[in-house]
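Below is one structure, written out as structure tokens; the observations come after it.
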Amino acid sequence: MRAGVLGSPIAHSLSPYLHRAAYQAMGLDGWSYEVRECDEARLPGLLRELKPRRGEVPGDEGAWAGLSLTMPLKRAVLPLLDSVSDLAVEVGGANTVVFRDGASHGDNTDVYGIERALAEAGVPVPRSATVLGGGATAASTLAALRNLGLHSATLLVRDPARAGDTAGVAERLGMALAIETFDKLDVSTRVDLVVSTLPSGAADAFAARLARVPALFDVVYSPWPTSAAAAVQAGGGTVVGGFGMLLHQAVRQVELMTGRTDVPVKAMRAAGEAEILRRSASRTG
């Protein structure tokens, strides 16, 4: 069986290291995991090319089990699939495609990854939360917060006029969403949990102003800790890095693609951390 990750740019992806470690530990010797550069324009053709005969021909070799999707494909893929999970519809994006019985099914495992990362770090269930940034990860964060019992949240973005998609997600989730700009940061971060979905380095300017938040989940995993995470940690708060989210969403993807539940989290964690250390050493070296 074959699986892989699509996106653009994609060379930096940790997914191959996580999935291949799982296959090895699970004894899936005939499985492979590929990396393919793919933007929105190429996605429809590539999906048609990869759509497998899985389940139609017993013992069919080389069929595609599924795909991991990263930016900018999570929203673009939805209308191209045969079916989509309720969660992916709510969030407005699928990071996972599973091929079975000649059909393609979209799902979202980012939400699961966020929930597991918070729980693993011992972050108490928040009574209030603020999300920095308004992209696909922010949408998944809102779904995770909803699943944790929150009915409202604050979203901080640079331009509220461009937050329409995320506002739509909140509406589908049944959440009240206050959308503010970053000049409201001091007031909006008087909450139990702040989640930064901003790209690497983008939250550095806010580090000092975030220092007193009780808990910060920064989706960046390298370099780690980020300036914001270091400030919160120095202030006595709890910090969660993005690797936990990445790891656990991949664990769920492996479950969906293989149909097995004995996914080796420990082996996947070790492989991902080793690759992060290798990249860090190569940058500093």
> Which of the residues belonging to the stretch 132-156 are touching a strand residue (DSSP E or B) at 6+ places or on another chain (Cβ under 8 Å) and surrounded by fewer than 20 Cβ atoms within 10 Å (Cβ to Cβ)?
Replying inline: HIS151, SER152
> Do the conditions hold for GLU34, that is, is it in contact with a helix residue (DSSP H, G or I) (Cβ under 7 Å, 6 or more places away or on another chain) and open to solvent by 30 Å² or more (accessible area, probe 1.4 Å)?
Replying inline: no
> Name the residues in the stretch 240-255 that are open to solvent by 40 Å² or more (accessible area, probe 1.4 Å) and more than 11 Å from HIS19 (Cα to Cα), would you?
Replying inline: none
> Taking the stretch 190-201 only, how many residues are crowded, with 21+ Cβ neighbours inside 10 Å and in a loop (DSSP other than H, G, I, E, B)?
Replying inline: 2
> Restricting attention to the stretch 70-97, which residues are part of a strand (DSSP E or B) and buried (at least 24 other Cβ atoms within 10 Å of the Cβ)?
Replying inline: THR96, VAL97
> Can ALA117 be described as modelled with pLDDT of 95 or more, touching a Phe, Trp or Tyr at 6+ places or on another chain (Cβ under 8 Å) and small (Gly, Ala, Ser)?
Replying inline: yes
>> For the stretch 98-108, give me each residue that is modelled with pLDDT under 95 and open to solvent by 40 Å² or more (accessible area, probe 1.4 Å).
In response: ARG100, ASP101
> So VAL111 fits all but one of (1) open to solvent by less than 40 Å² (accessible area, probe 1.4 Å); (2) at pLDDT below 95; what number is the exception?
Replying inline: (2)
> Limited to the stretch 224-238, what total is found for residues that are farther than 19 Å from LEU18 by Cβ and either open to solvent by 40 Å² or more (accessible area, probe 1.4 Å) or in contact (Cβ under 8 Å) with a residue 60 or more places away in the chain (or both)?
Replying inline: 7
> So how many residues does the stretch 202-221 have that are surrounded by 16 or more Cβ atoms within 10 Å (Cβ to Cβ) and assigned to a loop (DSSP other than H, G, I, E, B)?
Replying inline: 8
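The values are calculated or read from the model by the stated rules, or taken from the named source; none is laboratory data. These figures come from a predicted structure and were not determined experimentally. Neighbour counts are summed over all protein chains in view; Cβ atoms, including those assigned to glycine, are modelled from backbone coordinates with ideal geometry. Surface accessibility is based on the protein's heavy atoms, side chains included, excluding ligands, DNA and RNA. Shrake-Rupley method; radii C 1.70, N 1.55, O 1.52, S 1.80 Å.
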